[in-house]
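Just below is one structure, and these are the notes that go with it.
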Amino acid sequence: MIKFGPGNLRIPRFEKPVYVVAGGLTDYRKRYPEKNSSQLCTEALRMAVEENDLKVSPEEFRRMVNWVVYSQFADHFGDQLLAASKIHDYIGFDPLGNIEVKTGGATGGSSVLAAAQAVASGYATCVPVVGWERMDEVPTKVGNAYIASAACKDFESELGWMYAAYYALMAQRYQHENKVPRETLAKIACKNYEHACYSPYSQNPGHYTVEQVLENDMVADPLSFLECCVMSVGAAVLILADEETAYRMTDNPMKLTAICGGTHTLRTADRRNMPILLLPNETEDTYKDYFTEERSEWPGFSSFLAARMAAYLAYNMAGVADPIEDFDLLETHDAFTISDVQTYEDIGLRPYGRGREFIDSGDAYMDGRLPTNPSGGLIGTMHAVGATGIFQLVEVLWQMQNKWDHFHAEPERWARYGKTKPEDFRSLQVPNVKRACAISHAGTGSHVTCSIMEKP
Amino acid sequence: MAIELDGTTAEVLNRDPLVIKNLKNWHHIHSYGGWGQFFTALLDKKLMATRCTNPECEEKRLWLPPRCECPDCWHEMEWVEAPQVGTILTHSTVLYPGAPFRATIPCPLISVELEGVCTKLMSYLKEGKPEIGMPVKAVFNTEKPTNTILDLAWVPA
Ligand SMILES: [Zn+2]
């Protein structure tokens, strides 16, 4: 058990405020042979610079950049070491300094964290964060093995070469302790598939019924195919800047008031128990009846300590007292339905053991108290891993700038990706978002970041 | 003298956009380092864990998977035989494994709780249907060892 000392839980601080200026995406596909990774990153960057009503020209923008952060999960997927160097050159930032960040599925979140640190310290004033993943070079079975090589190769990877099975171990235990009806889990998938129907960027949209999700085949019990995220090709770009630069570029930048990271052992097996780390909206009393004979451990296999750490730091950094009350929008890393419920608890939407209520109460829906994953998430829209955490924040930014319709509803955007805007299209613009949160998460909760964006 | 190619070709999967197949076929030399004794002991049907040798260290329990240094105090660990009977903490069944998987499917993965061990080792159930709380005992693949974690499995106790 790690014993926290006074330095371990220090609340992070930015020396200078950090702003989010613009974002850009590609569409996401299972295979994308038409475009190489450099093209995809250029496309996302150009959307960020050319389609966000910036007050500076692309040429002026290029003269403002002074540091670049690259975000790619797996070199072996793209079969190109130092792909970031190549992309850095192709998108025209050579010879500026750059850094590539890698923290598994949370790589996107961690990359934005690294960029925010650069801006907050005064090291840089204008930092594009460029993320992508190319997961179409190998068959799915090899892709699963590549992802599982991010598990422990000595003691775990050989056991299935399949990350879904490792999540399923946690899911099975979570279900044993908390008995969430499969209908509730299916509702999460249905919600995110439906949201993806209204996104021109989405890879896997669909109108599914709870019954259809319940009846589809198991990947690894208790996770069914429709409850697992996609494997994607695509890119995403987010531009961060200091205050002066941000307002030179746009009249309505958003403020990144917190972005914090936590970790937990790569092997779920090695997670020792400890007292629950309490969020601002919890007290010792919250958990006085939590522990039972069946549910005697924390974080055990049911909770992601990394997510709890990230939320603990970010909430305290941004002064969030109660996430449901204080956030108007949430993007979670819905890699699997059950891991989404686990995350609801880790980030304090409900106390541990009661995550299902966030769905069952209707809170998570577009007309609920905290609309969650209007982007379509990882289940419906994309999981081009290095781009994912960035994609979430791009969608959050557009929502906060009231630009969701601009980026999703215009028929030309659908046509750009060879799609037709659906006849039953509906706007998922959340009105008047003042404060939003996004969670970026890596395999069985080994890394998690929690970002909080606010209207300045 | 003209340069000659070796005559191999990359199969063209698609002309426009051009997509070719790159072949990869080589081995990795995997070193277990200080963890090697764990795998060697499996051949003798022994389940070896490690324990911190620092009397001041608060973690008195065994680590399995083993560690060479204590993560809490960085002291050396000693090898200690772990119990070969435990209970299933949780399970999931692999139906669609990744490409290199070497066992038959469906293959039930289990996390095993062992008395006096601070971790919950991931392994697989070689026989029977897994259930949470079920007692299991270790079995060892010594005939044709894979020299991997697959040489350890469990059966109902
Ligand atoms: Zn020790």
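Bear in mind that the values in this text are calculations on the coordinates, not laboratory data. What you see is a predicted model, and the numbers here were worked out from it, not measured in a lab. Glycine gets a Cβ as well: all are built from the backbone with ideal geometry, and neighbour counts include every protein chain shown.
Can you compute the helix-only [θ] at 222 nm over chain A? Use -39500 (n - 2.57) per DSSP H run of at least 4 residues, normalise by all residues, nearest 500 deg cm²/dmol.
-10000 deg cm²/dmol
Residue by residue through segment B:24-34, what is 3J(HN,Hα) from phi via Karplus (6.51 cos²θ - 1.76 cosθ + 1.60, θ = phi - 60°)? Round to whole Hz and write x for glycine and proline.
Each residue's phi maps through the Karplus curve to give 10, 7, 7, 9, 9, 8, 9, 9, 7, x, x Hz.
Return a whole-number percent for the relative contact order of chain A, with Cα pairs under 8 Å and 6 or more residues apart as the contact set.
Value for chain A: 25 percent.
Which residues' amide hydrogens lie under 5 Å from the amide hydrogen of A:Ala22, considering only partners 5 or more residues apart or on another chain, with H built in the peptide plane?
For A:Ala22, whose amide H was placed from the backbone, the distant partners under 5 Å are A:Ile239.
Each residue of segment A:223-229 in order: what ³J(HN,Hα) in whole Hz does its phi give by Karplus 6.51 cos²θ - 1.76 cosθ + 1.60, θ = phi - 60°, with x for Gly and Pro?
Computed from phi, the couplings for segment A:223-229 are 9, 9, 3, 6, 9, 10, 6 Hz.
Counting Lys +1, Arg +1, Asp -1, Glu -1, what net charge surrounds B:His75 among other residues with beta carbon under 15 Å of its beta carbon?
-3
What is the distance in Å between the Cα centroid of segment A:337-352 and that of segment A:31-86?
33
By the scheme Lys and Arg +1, Asp and Glu -1, what is the net charge of all other residues having a beta-carbon under 11 Å from that of A:Pro205?
Value of the local net charge: 0.
Can you list residues whose amide H is under 5 Å from B:His75's amide H, if they're 5+ apart or on another chain and H is modeled 1.01 Å from N?
B:Cys70
Give the cross-link partners of B:Lys120 among the lysines, using a straight C-alpha distance below 24 Å as the criterion and excluding same-chain residues fewer than 8 apart.
A:Lys3, A:Lys153, A:Lys179, B:Lys45, B:Lys46, B:Lys60, B:Lys129, B:Lys137
For segment A:137-212, rounded, prolate or oblate, judged on the Cα gyration tensor with a ≥ b ≥ c (square roots of eigenvalues), a/c < 1.5 rounded, else prolate if a/b > b/c?
Oblate.
Report ³J(HN,Hα) in whole Hz for each residue of segment A:354-362, in order, from the Karplus equation J = 6.51 cos²θ - 1.76 cosθ + 1.60 where θ = phi - 60°; Gly and Pro get x.
Once θ is set to phi - 60°, the couplings for segment A:354-362 become 10, x, 4, 5, 5, 7, 4, 6, x Hz.
Quick query: amide H of A:Leu349 versus all other amide H atoms, modeled in the peptide plane; which residues come in under 5 Å with a sequence gap of 5 or more or a different chain?
Amide H to amide H, under 5 Å and 5 or more residues apart or across chains, A:Leu349 pairs with nothing.
Fewest first, what order do B:Phe38, A:Phe358, A:Phe93 take by the number of other Cβ atoms within 10 Å?
Ordered from fewest to most neighbouring Cβ atoms within 10 Å, B:Phe38, A:Phe358, A:Phe93 come out as A:Phe93, B:Phe38, A:Phe358.
Using the Cβ atoms and a cut-off under 11 Å, what net charge is assigned to the surroundings of A:Ala164, where Lys and Arg are +1 and Asp and Glu are -1? Write out the running numbers ahead of the final one.
Working: positive: none; negative: A:Asp221, A:Glu227.
Net charge in that neighbourhood comes out at -2.
Rounded to whole Å and sorted largest first, what semi-axes of the equivalent ellipsoid does the C-alpha gyration tensor of chain B yield via the square root of 5 times each eigenvalue?
After diagonalising the Cα gyration tensor, the semi-axes are 40, 23, 15 Å.
Please give the Cα centre distance for segment A:155-175 versus segment A:279-334, rounded to the nearest Å.
Segment A:155-175 and segment A:279-334 have Cα centres spaced 23 Å from each other.
Would you work out the Kirkwood radius for chain A? I mean one over the mean of 1/r across all pairs of different Cα atoms, in Å. Write out the running numbers ahead of the final one.
On the way: mean 1/r = 0.0461 Å⁻¹.
Every distinct Cα pair counted, the radius reaches 21.7 Å.
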